[in-house]
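Below is one structure, written out as structure tokens; comments come after it.
The values are calculated or read from the model by the stated rules, or taken from the named source; none is laboratory data. Given the structure is predicted, the values throughout are model-derived calculations rather than measurements. Cβ atoms come from the backbone with ideal geometry, glycine included; neighbour counts cover every protein chain shown. Note: accessible area is taken over every heavy atom of the protein model, side chains too, but ligands, DNA and RNA are not part of it. Shrake-Rupley method; radii C 1.70, N 1.55, O 1.52, S 1.80 Å.
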Amino acid sequence: MERTLAAENQSTGRMKFIIGGLLIVAAIVYLIASSTHANAQYFLTVDEVYSKGAAIQNRDLRISGAVIGDSIQYDPGTLNLTFTIAHIPGDNKDIEAQGGLAAALHNAVVDPNRKTLVVLYNGPKPDLLRDEAQAIITGKMGSDGVFQADELLLKCPTKYEEAMPDQAG
Amino acid sequence: MIADLGFGALVITFVISVYGAAAAIYGGIKAKPEWVESARLAMLLTFPLISIAALSLIYLLVNGHYEIEYVSSVTSNSMPYYLKVTALWGGQAGSLVFWSWLMSAFASAVTLRKWDRDREFLPWVIVVSLITLSFFVMLVLLFENPFARIWRMPSGQFIVAMLQPAGATLASMRDGQGLNPLLRHPGMIVHPPMLYLGFVAFVIPYAFAIAALVTGRTDDRWIRITRRWTLVAWLFLSLGLIMGGRWAYDVLGWGGYWGWDPVEIAAFMPWLTGTAFLHSVMIQEKRGLLKHWNMVLIILTYSLVIFGTFLTRSGVLSSVHAFAQSAIGPMFFGFIGLTFSISLYLLLQRWDSLKSEGEMTSLLSREALFLLNNLLFMGILIVCFWGVIFPLVSELVSNQKVTVGPPFYERATAPLFAGLLLLMGIAPLSAWRHSTAKTLGRAIWKPTILAALVGLGVPLALGVRSWPSLVGFFLVALVTFVTFYEFWRGMLARHRTQKESLPVALLNMIARNRRRYGGYIIHLGVVLMAMGIIGIELFQQETQGTIPAGGSISLGNYTLTYKSLASFDTADGRNVARAVVNVEKNGKPVGELYPRRDFFFESQQPMTIPGVRNTWEDDLYVILVDWLPVSSQGASFKVYVNPLVNWLWLGGFVFVLGTLVAAWPDKESELEPARARRRTAVTVEA
């Protein structure tokens, strides 16, 4: 009799833990699912922005492209920054096929037939914003076809080839 | 010549590591101590060998041997001496050498401990350490060789190779490209070594865990042996994370310290499992529970350490940190997959012998709250992991790359962090085994009321109305009061029983229970950091504007007046533009700030250095954005007021202090608590 009672106590004790654990797991799953839904940003290339058209308006987007140096315009008075990015492939394999990121960025900038996108940003001009840098831009597509950026992320692949002319050989 | 020496030393290291691992496996299985001893000596040899390689590389870096590709990519003539030395970890290839160097140092240190009581662990600890080490050395040899030279072909082409291609001559380079200017900061010089030390030190507890699984000696001996190793690993990892935050705050010029960047998360994830592990091993030591779980945690930590090195080093994910890019990703994935599956297989083999020695009975007992703490840490880990792999997952599922940014992490982790703070307030007051709402309530009502008075009253009186920050301040106050209450209780008890004066009682109490009170000091550090985080995350103010010389801009209580700007060249290859800004607070002058912009000629890269005024109340953080030609004398500034952010750095300091207290060597016998536990377990069963 006593033994069954103890066993019963034990199983209700274990039940408490299982229910408590499940509640917490459910809470974590809910947090992740709802936060993902609220904050998902579509990562697109410039070509994809054009092919999707109106479907992506008012959505949070993240766009990667090559910065065209000549297009950079900056007004320090208003902190308005505009520049144009050219399409680079989104797939790492395509980039490797072109001889790496630096080469892919270079090809994108010198190719006059690439699709381009004008970006508008208000804020300090990032230190790394320059010709043939990779820009990863977060924001929304405006109805005027200009991309309204909230955040700029820039990467400059190192190219030691550039340092080569320095050598005396 | 020196390059050949370094490379040769690495080749020998690789051969010796593979031999050592094989000898240890053979000696371990066949119980032949002479083979294990040979493996031990092999492991001991790796440290001097990799030292030769690392020192050769440092020699090449310092002496400007720019014909070595790595040297020319991370150093230049204008760099000061100390930066040339630290360029050892300024790029990918060098970092891997540095990683291996630290790994071999830790592995050697382990072989030198007294093994009398744990002979059977030795071969398997050697196997794990040497396999890990040989993997990294192999990466260096085959994929990321820092000793490779630049050769000039007769056709005029340049080729990077270790050995001389036919007909090629060694390129003679006058100068290198120099280290990325963003990395030329004291925080960045110390931050990677700290992280790496943390990473490699976690290999040691993992090695002992695997040794316990292989040998079947699955009591908590492996946990007791590695307790200090784990704390040391955790200390370095924490230090690395804190210093990385400080570097971002000082250098990256966006007014923040943590950007939920994949690489930051990569370093944060092993810290999360490591922290969960540090807590849950205490349950195993005290109550003999959660043995499977602890194994899972240390296996996860090891995998995340390798994954972290991989994320920082492979460039799979777009990130500001991707200073290093290469194609070694598949190798890392293969290694992680292999070690993870072998570890899980071993764990399943020993599943039955890792049965708990008892049951958890009360939901409010100390052990149940520790379990909850583990669940929350794992929850944060899953959020982080999900965020990092979500782009890859979404691409596989919908052929569309979807990413999540900082708002995702902030929203999903904030409640979990708040839960952890709450537990920090409750758990110290709960009892082991049986704790009811009644006993816990009796212990906690006083600190709760005090916390409500201070944590809610003070912010409300100051005009704070946002509920997330009020919840945060309340929790901060609760943990603070509970922790001080714990110190006070212990000190008073000792004062009464031992007849010691209060300060002596306090010091003796901490000295006798280093881990417990060290832990509480760490909690206080966390609370201070939480204050800083609440301050900067929820109350940061910012403005920007262009003002002429003599003009002003206001933010919060501050008024900034732009006085002048000077532009000049420095001897180490920079052009510096430095503004002088006068700061007034509530109309009273409080000093000058000098935000500036350095332009590095050789890398053609500018770097923004903010002018910061630190006080305990807030930071005034001023960035020089741009300036107009000298004639018009106008300049643009971005200004942040970051309330309470200095408590974050103070908290980091207290945190480290607490870890040192906890990790400080004890003289008391390590076996004592285990025996005590067994005795109580017996009485309970009887």
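What number goes with the only condition from (1) part of a loop (DSSP other than H, G, I, E, B); (2) among the hydrophobic types (A, V, I, L, M, F, W, C); (3) outside the structural domain of B:Val625 (by TED's automatic domain parsing) that B:Ala571 does not pass?
The number of the failed condition is (3).
Residues of region B:373-397 being more than 18 Å from B:Pro262 (Cα to Cα) and open to solvent by 50 Å² or more (accessible area, probe 1.4 Å), which ones?
B:Leu375, B:Leu396, B:Val397
On the given criteria, is B:Ile522 of a type outside the set (Ser, Thr, Tyr), in contact (Cβ under 8 Å) with a residue 40 or more places away in the chain and open to solvent by 60 Å² or more (accessible area, probe 1.4 Å)?
On the way: of a type outside the set (Ser, Thr, Tyr): yes; in contact (Cβ under 8 Å) with a residue 40 or more places away in the chain: yes; open to solvent by 60 Å² or more (accessible area, probe 1.4 Å): no.
In short, no.
Scan region A:37-67 for residues that are more than 10 Å from every other protein chain (Cβ to nearest Cβ) and among the aromatic types (Phe, Trp, Tyr) and report the count.
Qualifying residue count, region A:37-67: 1.
Among the numbered criteria (1) part of a loop (DSSP other than H, G, I, E, B); (2) at pLDDT 90 or above, which single criterion is violated by A:Pro126?
(2)
Kindly indicate whether any position in region A:103-110 is crowded, with 19+ Cβ neighbours inside 10 Å and within 14 Å of chain B (Cβ to nearest Cβ).
Checking region A:103-110: at least one residue is crowded, with 19+ Cβ neighbours inside 10 Å and within 14 Å of chain B (Cβ to nearest Cβ).
Helices (runs of 4 or more DSSP H) wholly in region B:197-309 with at least 3 residues that are touching a residue at least 40 places away in the same chain (Cβ under 8 Å), among the charged types (D, E, K, R) and closer than 28 Å to B:Leu657 by Cβ - which ones? I'd like the intermediate steps shown before the answer.
Working: elements: B:203-215, B:221-247, B:262-287.
Correct list: B:221-247, B:262-287.
Among the numbered conditions (1) at pLDDT 90 or above; (2) open to solvent by 30 Å² or more (accessible area, probe 1.4 Å); (3) farther than 22 Å from B:Gly255 by Cβ; (4) not basic (Lys, Arg), tell me where A:Phe83 comes up short.
Going through the list (1) at pLDDT 90 or above; (2) open to solvent by 30 Å² or more (accessible area, probe 1.4 Å); (3) farther than 22 Å from B:Gly255 by Cβ; (4) not basic (Lys, Arg), A:Phe83 breaks only (2).
So A:Gly21 fits all but one of (1) more than 11 Å from chain B (Cβ to nearest Cβ); (2) open to solvent by less than 60 Å² (accessible area, probe 1.4 Å); what number is the exception?
Result: A:Gly21 passes all but (1).
Do you know which residues across region B:343-361 are buried (at least 21 other Cβ atoms within 10 Å of the Cβ) and within 14 Å of another protein chain (Cβ to nearest Cβ)? Break it down into steps so the answer makes sense when it comes.
Step one: filter region B:343-361 for residues buried (at least 21 other Cβ atoms within 10 Å of the Cβ), giving B:343.
If the condition is that a residue be buried (at least 21 other Cβ atoms within 10 Å of the Cβ) and within 14 Å of another protein chain (Cβ to nearest Cβ), then no residue fits.
For region A:127-143, which residues satisfy the criterion of being in contact with a strand residue (DSSP E or B) (Cβ under 8 Å, 6 or more places away or on another chain) and more than 9 Å from chain B (Cβ to nearest Cβ)?
Pass one, region A:127-143, residues in contact with a strand residue (DSSP E or B) (Cβ under 8 Å, 6 or more places away or on another chain): A:127-142.
Answer for region A:127-143, where residues must be in contact with a strand residue (DSSP E or B) (Cβ under 8 Å, 6 or more places away or on another chain) and more than 9 Å from chain B (Cβ to nearest Cβ): A:Leu129, A:Asp131, A:Glu132, A:Ala133, A:Ala135, A:Ile137, A:Gly139, A:Lys140, A:Met141, A:Gly142.
Quick check on my filter: what residues within region B:379-415 are aliphatic (A, V, I, L, M), facing chain A (nearest Cβ under 8 Å) and in a helix (DSSP H, G or I)?
First, the residues of region B:379-415 that are aliphatic (A, V, I, L, M): B:380-383, B:388-389, B:392-393, B:396-397, B:402, B:404, B:412, B:414.
Filter again for facing chain A (nearest Cβ under 8 Å), leaving B:382-383, B:402, B:404, B:412.
Of everything in region B:379-415, those that are aliphatic (A, V, I, L, M), facing chain A (nearest Cβ under 8 Å) and in a helix (DSSP H, G or I) turn out to be B:Ile382, B:Val383, B:Ala412.
Out of B:Ser108, B:Ser78, B:Ser95, B:Ser104, report the one residue that is of a type in the set (S, T, N, Q) and crowded, with 24+ Cβ neighbours inside 10 Å. Talk me through it step by step, then tell me what you get.
On the way: B:Ser108 fails: crowded, with 24+ Cβ neighbours inside 10 Å; B:Ser78 fails: crowded, with 24+ Cβ neighbours inside 10 Å; B:Ser95 fails: crowded, with 24+ Cβ neighbours inside 10 Å.
One residue alone meets the criteria, B:Ser104.
Filter region B:311-327 down to the residues that are surrounded by fewer than 20 Cβ atoms within 10 Å (Cβ to Cβ) and either of a type in the set (D, E, K, R) or at pLDDT 50 or above (or both), then identify the one that is farthest from the chain's Cα centre (by Cα).
B:Ala327
Filter region B:598-615 down to the residues that are over 17 Å from A:Asp131 (Cβ atoms), modelled with pLDDT of 85 or more and open to solvent by 60 Å² or more (accessible area, probe 1.4 Å) and list them by number.
B:Asn614
Being within 29 Å of the chain's Cα centre (by Cα), within 30 Å of B:Arg184 (Cα to Cα) and in a helix (DSSP H, G or I) narrows it down to one of B:Leu45, B:Leu5, B:Leu83, so name that one.
B:Leu83
For region A:28-80, which positions are on the phi > 0 side of the Ramachandran plot and surrounded by 14 or more Cβ atoms within 10 Å (Cβ to Cβ)? Spell out the reasoning first.
As a first pass, look at region A:28-80 and keep what is on the phi > 0 side of the Ramachandran plot: A:53, A:58, A:79.
If the condition is that a residue be on the phi > 0 side of the Ramachandran plot and surrounded by 14 or more Cβ atoms within 10 Å (Cβ to Cβ), then A:Leu79 is the only one that fits.
Which is within 14 Å of chain A (Cβ to nearest Cβ) and either surrounded by 20 or more Cβ atoms within 10 Å (Cβ to Cβ) or free of Cβ contacts under 8 Å to residues at least 12 places away in the same chain (or both), of B:Ile50, B:Ile68?
That would be B:Ile68, the only listed residue that is within 14 Å of chain A (Cβ to nearest Cβ) and either surrounded by 20 or more Cβ atoms within 10 Å (Cβ to Cβ) or free of Cβ contacts under 8 Å to residues at least 12 places away in the same chain (or both).
Here are some residues: B:Val580, B:Val590. Which one is modelled with pLDDT of 90 or more, under 29 Å from A:Arg130 (Cβ atoms) and either open to solvent by less than 50 Å² (accessible area, probe 1.4 Å) or among the β-branched types (Val, Ile, Thr) (or both)?
Values: B:Val590 fails: under 29 Å from A:Arg130 (Cβ atoms).
Only one candidate qualifies: B:Val580.
Any residue at all in region B:143-164 that is touching a strand residue (DSSP E or B) at 6+ places or on another chain (Cβ under 6 Å), open to solvent by 40 Å² or more (accessible area, probe 1.4 Å), within 17 Å of B:Leu60 (Cβ to Cβ) and within 14 Å of chain A (Cβ to nearest Cβ)?
Within region B:143-164, one or more residues are touching a strand residue (DSSP E or B) at 6+ places or on another chain (Cβ under 6 Å), open to solvent by 40 Å² or more (accessible area, probe 1.4 Å), within 17 Å of B:Leu60 (Cβ to Cβ) and within 14 Å of chain A (Cβ to nearest Cβ).
If the Cβ limit is 9 Å and pairs must be 6+ apart or interchain, which residue in region B:146-162 that is free of Cβ contacts under 8 Å to residues at least 24 places away in the same chain pairs with which residue that is open to solvent by less than 40 Å² (accessible area, probe 1.4 Å) and basic (Lys, Arg)?
Close Cβ pairs (under 9 Å, with a partner that is open to solvent by less than 40 Å² (accessible area, probe 1.4 Å) and basic (Lys, Arg)) amount to B:Ala161/B:Arg149.
Output the residues belonging to region A:111-125 that are within 10 Å of chain B (Cβ to nearest Cβ) and in contact with a Gly (Cβ under 9 Å, 6 or more places away or on another chain). Quick ask: steps written out before the conclusion?
Initially, region A:111-125 is screened for residues within 10 Å of chain B (Cβ to nearest Cβ), giving A:122-125.
Within region A:111-125, just A:Pro124 meets the criteria.
Right, B:Val581: in a helix (DSSP H, G or I), among the aliphatic types (A, V, I, L, M) and more than 14 Å from chain A (Cβ to nearest Cβ) or not? It would help to see each step written out before you state the result.
Values: in a helix (DSSP H, G or I): no; among the aliphatic types (A, V, I, L, M): yes; more than 14 Å from chain A (Cβ to nearest Cβ): yes.
The answer is no for B:Val581.
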